[in-house]
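Before any comments, here is the structure.
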Amino acid sequence: STRADQVYLALAAEEHGQLDRVMELLQPEMVDVRVVPDVMDLITLRGGVEEMDGLPIVHLTSSPMIGVDAVLKRVFDLFFGSVIFVMAAPAMAFCALMVRFSSPGPIFYKQERMGLDGKVFHILKFRSMPVNAESATGAVWAKDGENRAFPFGSVMRKYSLDELPQFWNVILGEMSLVGPRPERPVFIDEFKHRIPRYNLRHKMKAGITGLAQVEGWRGNTSLEKRIERDLYYIEHWSLWLDFKILVRTALGGFLSRNAY
């Protein structure tokens, strides 16, 4: 007969009390014993096993942005972000002049958004609406058919030109070129209770573009589907995936019919 040299124990959580008895039975045998923890249903994002001071640790939720990966993504962002910023400078100068002559008020618009690990930062945009656009309504979710933007502001929003200043956020390290689009804290307070796993998208630095956006899930579309694509991106992140999303964005993936 063939003798086993490795034994894998996959017990349900309620059966872990039997491990002592199983180990006692296996003690006379020359086998390696491994335990498969019954936590698969609890793993929500990039789960894995690590060791801390000799103790095995199963992490159920983890960000890919640690160690060398975090450095590589930052170098990627700095290089391509700086190149695109320089290339987009003429378009940004034109937009700045048009905003100045189209509507009284500042050229740029700063707004609170939530990024990596829930840290709040100020996203930078070209102003596309009158200064007092939300004074009566407060924070409002952008939707099709609204008429809050001034004429050139509508053009910028249609072609995502109002987003160009965010390359400065990338250079500063507040955002990444690719990642889940950042949302306003006032909306997150609602979404995190309504949409399962919503806050897991903050395990990655917010991006100018992302997988959800190039697949058309932006604007007033399904939040659930957008979160699904954000979490898929985080789970499968690589520099090659970032590069492919940037190429798709450059080829028009960010020019969605849902941009307004």
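The values are calculated or read from the model by the stated rules, or taken from the named source; none is laboratory data. Please read all numbers here as calculations on a predicted model, not as lab measurements. In this analysis, Cβ positions are derived from the backbone assuming ideal geometry, glycine residues included, and neighbour counts consider all displayed protein chains. Protein only, heavy atoms only, side chains kept; ligands, DNA and RNA dropped before computing areas. Shrake-Rupley method; radii C 1.70, N 1.55, O 1.52, S 1.80 Å.
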Go over the candidates Asp77, Asp117 one by one and state the one that is outside any loop (DSSP other than H, G, I, E, B) and modelled with pLDDT under 95. Asp117
May I ask you to list the residues in segment 86-99 that are surrounded by 16 or more Cβ atoms within 10 Å (Cβ to Cβ) and either among the β-branched types (Val, Ile, Thr) or more than 17 Å from Tyr159 (Cα to Cα) (or both)? Val99
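How many of the residues in segment 65-77 are open to solvent by 70 Å² or more (accessible area, probe 1.4 Å) and over 13 Å from Trp237 (Cα atoms)? Before you say what the answer is, go through the steps one by one.
At the first step, the residues of segment 65-77 found to be open to solvent by 70 Å² or more (accessible area, probe 1.4 Å) are 66, 68, 71-72, 75.
Within this subset, residues satisfying the condition of being over 13 Å from Trp237 (Cα atoms) are 68, 71, 75.
Total satisfying the criteria: 3.
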Suppose we filter segment 121-170 for residues that are within 25 Å of Asp189 (Cα to Cα), open to solvent by 50 Å² or more (accessible area, probe 1.4 Å) and at pLDDT 95 or above; how many remain? 1
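Name the residue, out of Arg218, Arg229, that is open to solvent by 10 Å² or more (accessible area, probe 1.4 Å), modelled with pLDDT of 90 or more and not hydrophobic (A, V, I, L, M, F, W, C).
Arg229
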Options Leu231, Leu211: the member that is among the aliphatic types (A, V, I, L, M), under 13 Å from the mean Cα position of the chain (by Cα) and under 22 Å from Gly173 (Cβ atoms): Leu211
Among the residues of segment 235-260, what is the count of those that are at pLDDT 90 or above and open to solvent by less than 70 Å² (accessible area, probe 1.4 Å)? 9
Taking the options Arg197, Arg248, name whichever one is in contact (Cβ under 8 Å) with a residue 40 or more places away in the chain, farther than 17 Å from Lys158 by Cα and of a type outside the set (Gly, Ala, Ser). Arg197
Segment 87-111 residues that are assigned to a helix (DSSP H, G or I), paired with ones that are loosely packed, with under 14 Cβ neighbours inside 10 Å (beta carbon under 7 Å, 6 or more apart): Ser102/Pro151
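Would you mind finding the one in Glu51, Glu14 that is part of a helix (DSSP H, G or I), loosely packed, with under 12 Cβ neighbours inside 10 Å and modelled with pLDDT under 75? Break it down into steps so the answer makes sense when it comes.
On the way: Glu51 fails: part of a helix (DSSP H, G or I).
Sole residue among the options that is part of a helix (DSSP H, G or I), loosely packed, with under 12 Cβ neighbours inside 10 Å and modelled with pLDDT under 75: Glu14.
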